[in-house]
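Following: one structure in structure tokens, then a few remarks.
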Amino acid sequence: MHQIEQRPVWLRLFRPVALKARPWSLKHMSKLKIFVADNQNIIAPSLKYIIGDQGDVVGSSTSTTDLITKCVQANTDILIMGLNFGSQMDGVEFIENEEWHGRFKIFVLSDYSSAHLINRLLDAGISAYVPKPSAEKEFKRALTIVKNKGVYIPNCLQSRQEERS
């Protein structure tokens with residue numbers, strides 16, 4: 001006796017094909033795991049909205065206390081952080097502490113824009129620097145560049161760096 005296939009007719013026309021995973025396609029399909037550290041509580045929810053489909057905010061903190069541990073536990077890809085944390089270790093000190101190297105990328109979002117400070121942060125290994133008053137479009141562009149293993153500095157600050165060199 002011949003068994004009749006129970007799938008709909010239109011589905012029977014297609015034969016199952018084993019898909020080969022391509023590393024490049026998997027990388028672009030997975031969402032970034034983003035941790036936000038800033039002394040202002042409003043920053044994390046705002047960034048969650050701006051980040052949208054590019055990533056998931058997996059945690060946030062308003063201090064640098066145990067920040068590396070929190071990021072590692074959350075399996076963070078990118079730490080987006082400010083530089084001012086009041087009386088605690090500030091963001092610059094945290095970035096210059098080499099314990100985070102190789103664990104995640106750091107994306108600085110700050111009001112400060114001196115060329116000296118940005119060069120110091122770049123030397124310490126940050127992947128992006130975006131001034132806080134920047135447009136949403138610039139923030140998303142920076143996030144995409146960092147996701148693709150690049151380094152981002154806004155054009156207005158690049159010209160300052162070139163003047164310094």
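The values are calculated or read from the model by the stated rules, or taken from the named source; none is laboratory data. This is a predicted model, so every value here is computed, not measured. Neighbour counts are summed over all protein chains in view; Cβ atoms, including those assigned to glycine, are modelled from backbone coordinates with ideal geometry.
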Return a yes/no flag: does region 56-75 have any residue that is assigned to a loop (DSSP other than H, G, I, E, B) and modelled with pLDDT of 90 or more.
yes
Checking the structure you have, find out if any residue of region 109-126 is within 17 Å of the chain's Cα centre (by Cα), part of a loop (DSSP other than H, G, I, E, B) and within 14 Å of ILE153 (Cα to Cα).
yes
Output the number of residues of region 55-72 satisfying the condition of being more than 13 Å from ASP38 (Cα to Cα) and in contact (Cβ under 8 Å) with a residue 12 or more places away in the chain.
8
Looking only at region 40-59, count every residue that is under 21 Å from GLY91 (Cα atoms) and of a type outside the set (Gly, Ala, Ser) and tell me the total.
9
